[in-house]
Amino acid sequence: MDTKNKIFVVIGSVALITAAGYGAVTLLSGGDRPSYVATNSVSTTNSSTASNTQTTNTTATTSSGDSSTATSYKDGTYTASSSYNVPHGGQNSIKATITISGGKITAASATNSYTDRESGMYIDSFNSYVNSDATGQSLAGYSPNRIGGASLTTYAFSNAIDTIRAQAKA
């Protein structure tokens, strides 16, 4: 084997080992989320304003279908905020406002603060779909999934919903 072929084999081997190592690290470090989501820091603050104190019982069934747990939520309007990092640097925040009646979401809105134009496009799409996605859903079982194509905004909105669930428990 001449020197040219040996160099080619060595460089190819190094590239293959590097690709395999990168793949292993990616696979073992967290599955299907990009690294900027997995390392996402979310800080949540609460504030709630209940319009009345009527308590409604709702039932959420676990995915196994064998058992259920009763969860009571107070009717009212609740607000929670969440912040998240974006891939291009910077931090966006979302303030979710949810109105609950009879254990169901009757209205949902979000106010967003963002740092870049790309985030603005995703957030505009998110805002146009969030109310129709959430309205009529049970608060106990509602799990937003990439509303309007805005996965990071939806992730932060979901964290705010978790806070609202805690606020609204009877």
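Laboratory data are not the source of any read-out in this text; all were calculated from the coordinates shown. These numbers were taken from a predicted model, which means no experiment stands behind them. Here the Cβ is made from the backbone with ideal geometry for all residues, glycine too, and neighbour counts use every protein chain on show.
Spin-label point model (7 Å from Cα, Cβ direction): what's the Thr3 to His88 distance in nm?
4.9 nm
Please list, or write none, the lysines whose alpha carbon is within less than 20 Å of the alpha carbon of Lys169, excluding same-chain residues fewer than 8 places away.
Qualifying lysines at Cα under 20 Å: Lys74, Lys95, Lys104.
Spin-label point model (7 Å from Cα, Cβ direction): what's the Val10 to Tyr129 distance in nm?
Using points 7 Å along Cα→Cβ, the separation is 5.2 nm.
Which three lengths, in whole Å and largest first, does segment 84-170 cover when its Cα atoms are put on their principal axes?
Answer, in whole Å and largest first: 40, 22, 17 Å.
Fewest first, what order do Lys4, Lys74, Lys169 take by the number of other Cβ atoms within 10 Å?
Lys4, Lys169, Lys74
Report the full-extension gain for the segment Ser138 to Glu118: residue separation times 0.36 nm, less the Cα-Cα distance, to one decimal in nm.
4.0 nm
Among Val86, Val14, Val130, what is the fewest-to-most ranking by other Cβ atoms within 10 Å? Before the final figure, lay out the partial values.
Details: Val86 18, Val14 10, Val130 22.
Fewest-to-most Cβ neighbours within 10 Å comes out as Val14, Val86, Val130.
How charged is the neighbourhood of Gly90? Take every other residue with its Cβ under 13 Å from the Cβ of Gly90, and add Lys/Arg as +1 and Asp/Glu as -1.
-1
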